[in-house]
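Participant: Let me begin by handing over the structure; questions about it come next.
The values are calculated or read from the model by the stated rules, or taken from the named source; none is laboratory data. Computed from a predicted structure; not experimentally measured. Reconstructed Cβ throughout: ideal geometry from the backbone, glycine too, with neighbour counts over all protein chains shown.
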Amino acid sequence: MLAITHLAVSLLLIQLLSLDRNDSFVALMFGVVIDVDHLFGLNSYAKANGIASIFDFDSLMNADGQWKSLLHNPVSVMIVGPISVASRIAIPLIFWGVHISMDWLEDSLLGLLSAPELILVVCASGAVLWMRYSFFRSLNSNASFRRYIASEWRVLRRSAPEQRSMST
């Protein structure tokens with residue numbers, strides 16, 4: 001599945017589980033960021049198919065898993081499982097399992113860039129938006145959707161300078 005699909009579903013699960021900031025970070029690492037392994041697998045894909053195949057979108061999309069690494073294999077439960085046990089939280093295992101299940105569903109049933117995947121992205125994103133807006137309305141008696149968006153925008157703008165100061 002596309003990274004945006006993994007992100008939307010992971011954000012929905014974070015909202016449903018009411019995870020705090022630290023647990024949300026772990027959830028996003030195992031639900032979305034594990035797709036970084038495609039960059040490592042891309043090297044072996046280029047060796048098998050030639051460097052020009054990296055720029056051929058159709059070839060990449062029909063790679064039969066050649067550019068996926070160990071993290072996209074069910075055997076990696078031997079890596080993720082001990083991490084979950086050592087950290088005493090099931091979040092890595094849950095979000096990795098959802099990620100792998102979504103990829104399996106795409107490979108086995110749906111196909112790449114399918115209409116059901118688009119529907120999943122839209123529904124998951126809409127559900128996250130609805131849940132956050134409902135929470136905002138429960139805190140503010142005169143809440144409107146416009147005020148909710150303005151509030152979210154202020155939070156994003158306030159956190160941006162903090163992130164810049166951390167990097168310097």
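Participant: Among the residues of the range 107-124, are any of a type in the set (S, T, N, Q) and at pLDDT 90 or above?
Facilitator: Scanning the range 107-124 turns up no residue that is of a type in the set (S, T, N, Q) and at pLDDT 90 or above.
Participant: Also, quick follow-up: Identify, please: which residue in the range 146-168 is of a type in the set (A, V, I, L, M, F, W, C) and at pLDDT 80 or above and is, among those, nearest to the chain's Cα centre (by Cα)?
Facilitator: Leu156
Participant: Check off (1) over 25 Å from Asp20 (Cα atoms); (2) assigned to a loop (DSSP other than H, G, I, E, B); (3) over 18 Å from the mean Cα position of the chain (by Cα) for Leu113 and give me the number that stays unchecked.
Facilitator: Against the list (1) over 25 Å from Asp20 (Cα atoms); (2) assigned to a loop (DSSP other than H, G, I, E, B); (3) over 18 Å from the mean Cα position of the chain (by Cα), Leu113 comes up short only on (3).
Participant: Select from the range 24-52 the residues that are surrounded by fewer than 16 Cβ atoms within 10 Å (Cβ to Cβ), assigned to a helix (DSSP H, G or I) and of a type outside the set (A, V, I, L, M, F, W, C) and write down the one among them that is farthest from the chain's Cα centre (by Cα).
Facilitator: Looking at residues that are surrounded by fewer than 16 Cβ atoms within 10 Å (Cβ to Cβ), assigned to a helix (DSSP H, G or I) and of a type outside the set (A, V, I, L, M, F, W, C), I get Lys47.
Participant: Within the range 13-22, how many residues turn out to be part of a helix (DSSP H, G or I) and either surrounded by 16 or more Cβ atoms within 10 Å (Cβ to Cβ) or hydroxyl-bearing (Ser, Thr, Tyr) (or both)?
Facilitator: Here is the first cut: in the range 13-22, the residues part of a helix (DSSP H, G or I) are 13-17, 21-22.
After this cut, where a residue has to be either surrounded by 16 or more Cβ atoms within 10 Å (Cβ to Cβ) or hydroxyl-bearing (Ser, Thr, Tyr) (or both) as well, the list is 13-15.
Qualifying residue count, the range 13-22: 3.
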